[in-house]
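Below is one structure, written out as structure tokens; comments come after it.
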Amino acid sequence: MSDLIHYQFDDGLALIGLTYPPVNALSQALRSALSAACERAASDPTVRAIILHGSPFSAGADIGEFGSAASHAEPSLPDILMRLSLIDKPLIAAIDGLALGGGLELALACGYRIAVPEARVGLPEINLGLLPGAGGTQRLPRLIGAEAALDLIASGQSLKAAKAAESGLVDRLARSSATLLEDARTFARKLLADAAPAQPSAPFSEPGISLPATFITDYQAKHAARWKGRQAPQRVLAAIQAACERPLAEGLRREAELFREADASTESAALRHVFFAEREASKVPGINADTMLRPITQVAVIGAGTMGGGIAMNFANAGIPVILLEAQAQTLDRGLTQIRRNYEISVQRGKLSSRQLEQRMALLKGSLDYADLADADLVIEAVFENLEVKQNVFRTLDQVCKPGAILASNTSTLDVDAIAAVTQRPGDVIGLHFFSPANVMRLLEVVRARETAPDVLATTLKLARRIGKIAVVSGVCFGFIGNRMFEPYSREAHRLLLEGATPAQIDKVLTDHGLAMGMLAVQDLAGIDIGYLIRESRREVIGHDPSYCKLGDELHTLGRFGQKTMAGFYRYEGRERLDDPEVTALAERVAGELHIQRRQIADEEILERCLFGLINEGIQLLDEGTALRSSDIDLVFINGYGFPAWRGGPMHEAECIGLDRLLARLQHYRQALGAYGEMWFQPAPLLQRLVAAGRSRIEKI
Ligand code: CAA
């Protein structure tokens, strides 16, 4: 019939299999083939019931089609599903693997659903800035109730079918993947024997009837902070409201209207960009599916501080044994106690069982002796951020580790080539830059040093996936991708304070833009002393600017190290962050000494200087080859620095703003800020080339 559909007639049943690898995305071609197969089954009088199946069932609409004409091209998914719901023969969706988005909506348009217990079902459209657009917002509330439906759609999470069966989303569980079709046939014959209707009546025919009148507004208020700046959740709410208030046909029309708006939104374009960026990041020149991987069954982490402990937890969480090495017994005990405490918090929050806690702790072994690392397949050093200290650790590792062990440094700024050079096996050395808290943050910067072997890189990328991280490959340079871009961002925030902005003003501009935290609140959290130490290590590069992070240096002198001393850029009362007149006075004094004119600074200038500075640096990183692609840079900023995913990352945002405008604004600040502007606002040569060539995408030319 078609390569995309497998059609089989079996004793009164039509079995229609979706066969469009890898995930049965409902592209225009698959929709056409599916529609034709269903019409054939509907019009064949010998067919009494229809089973739709696929392995996986379907990951939903073809994301690559969104924003293009193909997305709405005939036959549209909503039309097909409407037609399926009108066929007067029982339709059974047999779900294996997953039914997500349009895939689950396809199953919802069928009268019945049978699933493998481990299959995952969900409506993740909100994660793409969309809402379910093929009836999900109308049919699901009628099946499981408006509140349960809204919880599933608004979370964007998927459920195991075994769990979904409890709410009635799935009617029956198959015994296993292998028996799914047999179990579906049995189910179909039972329905026929019982003369079951093609579409059973909806358990919640009026989904809104028992809900309070304020249900939608209450839901909105409860999630307002998490949804700040986003439109997709509002559209989801509007669609559910329609399900509660209108008949099905009208509700479906409203959903279609909202979906069209969402499909055309910048938010959805940004989140789709992030979706593909995440998949693209693992494609790295020099390695491929054939690259041999090294087995990793034992990991060791050196340093049981906050970072080392957090790194170790990642592996224990994934069931991989970890040796945690420290120099002092007391420090080791403190580190292990802290890890246990972190797990206990997860138990209190219901995210972990006590048994899992004990299992994870059992995977963590403390050690004070480097000899215990002899069998480790991967050693990650997380000691003090100092080149000599780290080089000494690597000299020792070179002595004690077995041949083929991967030796990784968790440095955030240092030269991994210089670390690798002290060993006899530089090919085995790599940078693995975790972000704090390392057990929570999704980003892992994988630093490919000059001699890092391809199998070492491939193994760490695979391992990153296993421990749930988004890995982005960076070349060697000060700060790699993230901290190198963070630097101009931080520099501008410091400088703007001298020019007249307050910490609260700067941070508000940034959080209003969607950043998880303002720059100065971040500095207070990370520690003014840490920022100072990093600057100390590179005064030769920054020393020509007397204003460079000067306020941070002054705060350091005053012992205002940030939150830990209850004073930094802000002062703290408990957890409350307050502007401090002392900091303003300090800024005034330093500005006076440096002859910096203080003035009222517009929010727009704050945003542009902080944001455009870091984008300019990102473009430079791409030109140098430190970053492989612009979308990798977006992933770093979203997953490591709290940049809002719904803006697509700084580079995607720059493309939306327009590269010519970005260049013009950089040139403006270069002139307007005098010698300071001349020093720091030089547009990256690649940006200039892109604009001259009339290009709109940030890519190397
Ligand atoms: N459309 C197009 N391509 C898709 C896709 C989709 N819905 N889902 C996955 N793919 C592609 C990926 O891009 C990837 O392609 P490459 O190999 O070329 O990079 C391939 O399928 C495999 O995907 P993953 O690498 O992500 O594999 P995984 O096993 O880790 O995850 C998955 C599989 C859970 C399905 C994950 O890909 C995923 O979450 N996909 C998105 C699901 C989704 O959001 N569906 C809703 C779509 S919107 C919708 O349906 C609107 C509507 O209401 C009609």
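Estimate the FRET efficiency between Val400 and Gln667 by the formula 1/(1 + (r/R0)^6), using the beta-carbon distance for r and 60 Å for R0, to the nearest 0.05.
On the way: r = 55 Å, r/R0 = 0.91.
Rounded to the nearest 0.05, the efficiency is 0.65.
Volume per residue of the convex hull around the Cα atoms, evaluated for segment 299-474, comes out as 97 Å³. Using every pair of separate Cα atoms, the Kirkwood estimate puts the hydrodynamic radius of segment 556-660 at 16.7 angstrom.
Could you give the Stokes-Einstein D for segment 174-221 in µm² per second, using the C-alpha Kirkwood radius, 10 °C, 1.306 mPa s? Here the translational diffusion coefficient equals 111 µm²/s.
Let me check against my output: what whole-number percent is the relative contact order of the chain, with C-alpha pairs under 8 Å and at least 6 apart? Display every interim value, and only then the final one.
Details: 1294 pairs, mean separation 60.7, N = 701.
Relative contact order comes out at 9 percent.
Between amide H atoms placed 1.01 Å from N, distances below 5 Å from Leu414 occur with Gly479, all of them 5 or more places distant or on a separate chain. The angle between the Cα long axis of helix 630-641 and the main principal axis of the chain comes to about 80°, on a 0 to 90 degree scale. Helical runs assigned H by DSSP (4 residues or longer) give the chain a calculated mean residue ellipticity at 222 nm of -15000 deg cm²/dmol, each run adding -39500 (n - 2.57) before division by the residue total. Rg and Dmax of segment 157-262, based on Cα coordinates, read 18.3, 53 Å.
Ranked by the mean number of other Cβ atoms within 10 Å per residue, highest first, peptides 406-415, 540-549 order as 406-415, 540-549.
Here the Karplus relation 6.51 cos²θ - 1.76 cosθ + 1.60, evaluated at θ = phi - 60°, turns the backbone of segment 351-359 into coupling constants of 8, 8, 8, 4, 5, 4, 4, 5, 4 Hz, with x for every Gly and Pro.
Check each of the trypsin sites (Lys or Arg not before Pro) in segment 509-559 and keep only those in coil by DSSP with at most 16 other C-beta atoms within 10 angstrom; list them in order. Answer by residue number: Arg538.
Near the amide H of Ile302, within less than 5 Å, lie the amide hydrogens of Leu325, Ile380, Glu381, Ala382, all on another chain or at least 5 residues away, with H placed in the peptide plane. When the solvent-accessible area of the chain is split by element, carbon and sulfur atoms take up 52 percent of it, the probe being 1.4 Å. Taken per residue, the accessible surface of segment 8-151 reaches 30 Å², heavy atoms only and a 1.4 Å probe.
Expressed per residue, the C-alpha convex hull volume of segment 471-573 stands at 118 Å³.
How many percent of Cα pairs in segment 482-692 exceed 33 Å? Spell out each step's value before the answer.
On the way: 2457 of 22155 pairs.
Value for segment 482-692 (Cα pairs over 33 Å): 11 percent.
Seen from all sides and averaged, what is the projected area of the convex hull of the Cα atoms in segment 1-142, in nm²?
Values: hull surface 32.3 nm².
Over all viewing directions, segment 1-142 projects a mean Cα-hull area of 8.1 nm².
How do the peptides 9-16, 493-500 rank, highest first, by the average count of neighbouring beta carbon atoms within 10 Å per residue?
The packing order, highest mean first, is 493-500, 9-16.
Cα extents for the chain along the principal axes, largest to smallest and rounded to whole angstrom: 89, 60, 52. Between the alpha-carbon centres of segment 397-433 and segment 130-162 there is a gap of 48 Å.
Each peptide in 167-179, 27-39 was scored by the mean count of other Cβ atoms within 10 Å over its residues; highest first, the order is 27-39, 167-179. Ranking Gly67, Leu140, Leu180 by how far each Cα lies toward the positive end of the dipole of the chain (charges on Cβ) leaves Leu180 at the top. For segment 218-228, the Karplus equation 6.51 cos²θ - 1.76 cosθ + 1.60, evaluated at θ = phi - 60°, returns couplings of 5, 4, 4, 5, 5, 9, 4, 5, 5, 9, 3 Hz by residue, with Gly and Pro reported as x. Of the chymotrypsin sites (Phe, Trp or Tyr not before Pro) in segment 557-628, not one is in a loop by DSSP (not H, G, I, E or B) with at most 10 other beta carbons within 10 Å. The Rg/Rh ratio for segment 404-516, using Cα coordinates for both the radius of gyration and the Kirkwood hydrodynamic radius, is 1.10. Accessible area of His668 (1.4 Å probe, protein heavy atoms only, ligands and nucleic acids ignored): about 80 Å². When the pairs Lys222/Lys351; Lys160/Lys365; Lys508/Lys564; Lys365/Lys402 are compared against a 24 Å limit on Cα-Cα distance, Lys160/Lys365 fall above it. Axis of helix 387-400 versus longest Cα principal axis of the chain: the two differ by about 60°, to the nearest ten degrees. To the nearest 10 degrees, how steep is helix 28-43 against the longest Cα principal axis of the chain, on a 0 to 90 scale? Taking the Cα atoms of the chain, the angle to 28-43 is about 20 degrees. Put simply, the amide H of Ala449, placed in the peptide plane, has neighbours under 5 Å in Gly431, leaving out anything fewer than 5 places away on its chain. A viscosity of 0.890 mPa s and a temperature of 25 °C, combined with the Kirkwood radius over Cα pairs in Stokes-Einstein, give a translational diffusion coefficient for segment 5-263 of 135 µm²/s.
The values are calculated or read from the model by the stated rules, or taken from the named source; none is laboratory data. Worth saying up front: this structure is predicted, and the values here are computed from it rather than measured. Heads up, the Cβs are rebuilt from the backbone with ideal geometry, glycines too, and the neighbour counts pull from every protein chain shown. Note: accessible area is taken over every heavy atom of the protein model, side chains too, but ligands, DNA and RNA are not part of it. Shrake-Rupley method; radii C 1.70, N 1.55, O 1.52, S 1.80 Å.
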